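Worksheet for the structure shown next.
The values are calculated or read from the model by the stated rules, or taken from the named source; none is laboratory data. Since the model is a prediction, treat every value here as computed from it, not as a measurement. Glycine gets a Cβ as well: all are built from the backbone with ideal geometry, and neighbour counts include every protein chain shown.
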Amino acid sequence: MKTFKNKIAVITGGNSGIGYATANELNQKGANVIITGRRKEAVEKAASELNITGMMADQSRLADIDRLVSAISEQFGKVDILLINAGITKSAPIELTSEQVFDEIMDVNFKGAYFTLSKFIPILNDGASVIFLSSTSATISPPTASVYAASKAAINAVMKIAALELASRKIRVNAVSPGPVATEIMNKMGLNDTLELQMISSIPLARFGTASEVAELIAFLSDDNAAFITGANYLIDGGQSV
């Protein structure tokens, strides 16, 4: 069923993981999908596999965001669905966290996300759906993830204010907060058997989520059937935050 026929969807960080799964989900439902990323080969590969549009953009650089907005406006016009997904994670105890790591995480996860929304607002259609990819880390406060958790908590605060500011245009703004999901980022975190068992033991449903499960929730929030939902943070974590 082509739920999103004639809809323009933009997904930042869409070349892997949840972004990739969401691009596939929205594409299958008829949307014209544009993914972005900062790794040229990865973006081109994902775009080719899904038969969608790929564009280069480093979401930590405001000049890249400006170029992205301009290119999308010229080629596609207004945007109906915006998934602000690009993000990174690194962990360390607070006393050992460097300024470089702090800035790197905040530049992508918070500053990049904030200004992606800010600069896309003029080209959002009235009635558009904006979704921030947040994290249960903002809720459960995991040790050694202070900067990452803070970046996502900041996003949740901005999401609520954006929902109020954009309500007059019927633009809905929500957040989706996954718990542990089996994606490429897990390997980057150094996932091993011991860590995997430790993480799973914290999840009542005793498994990792899948990227496709998160993508389906994002697709639901993007649909007109969710037209009365805004300013909400949806936890999808197998009960971990309980």
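Taking the stated definitions as given, is Asn51 crowded, with 22+ Cβ neighbours inside 10 Å, modelled with pLDDT of 95 or more and either closer than 11 Å to Asn15 by Cα or out of contact with any strand residue (DSSP E or B) (no Cβ under 7 Å at 6 or more places or on another chain) (or both)?
The answer is no for Asn51.
Considering only the range 64-79, I want to know if a residue exists there that is over 16 Å from the mean Cα position of the chain (by Cα), at pLDDT 95 or above, assigned to a loop (DSSP other than H, G, I, E, B) and of a type in the set (Gly, Ala, Ser).
yes
Would you confirm whether or not the range 90-99 contains a residue that is assigned to a loop (DSSP other than H, G, I, E, B) and in contact with a strand residue (DSSP E or B) (Cβ under 9 Å, 6 or more places away or on another chain)?
no
Residue by residue through the range 192-228, note down the ones that are at pLDDT 90 or above, surrounded by 15 or more Cβ atoms within 10 Å (Cβ to Cβ) and either over 18 Å from Gln28 (Cα atoms) or touching a Cys at 6+ places or on another chain (Cβ under 7 Å) (or both).
Passing the criteria: Ile203, Phe208, Gly209, Ala226.
Output the residues belonging to the range 193-242 that are outside any strand (DSSP E or B), closer than 14 Å to Val181 by Cα and among the aliphatic types (A, V, I, L, M).
Of everything in the range 193-242, those that are outside any strand (DSSP E or B), closer than 14 Å to Val181 by Cα and among the aliphatic types (A, V, I, L, M) turn out to be Leu195, Leu197, Met199, Ile200, Ile203, Leu205, Ala206, Ala211, Val214, Ala215, Leu217.
For the structure I just gave you, tell me whether Leu82 is crowded, with 22+ Cβ neighbours inside 10 Å, assigned to a helix (DSSP H, G or I) and not basic (Lys, Arg).
Judged against the criteria, Leu82 is not a match.
Please find, within the range 1-45, the residue that is farthest from Asp80 (Cα to Cα) out of those that are part of a loop (DSSP other than H, G, I, E, B) and of a type in the set (Val, Ile, Thr).
Of everything passing the filter in the range 1-45, Thr12 is farthest from Asp80 (Cα to Cα).
Of the numbered conditions (1) touching a helix residue (DSSP H, G or I) at 6+ places or on another chain (Cβ under 6 Å); (2) crowded, with 16+ Cβ neighbours inside 10 Å; (3) modelled with pLDDT under 95, Glu184 fails exactly one; give the number of that condition.
(2)
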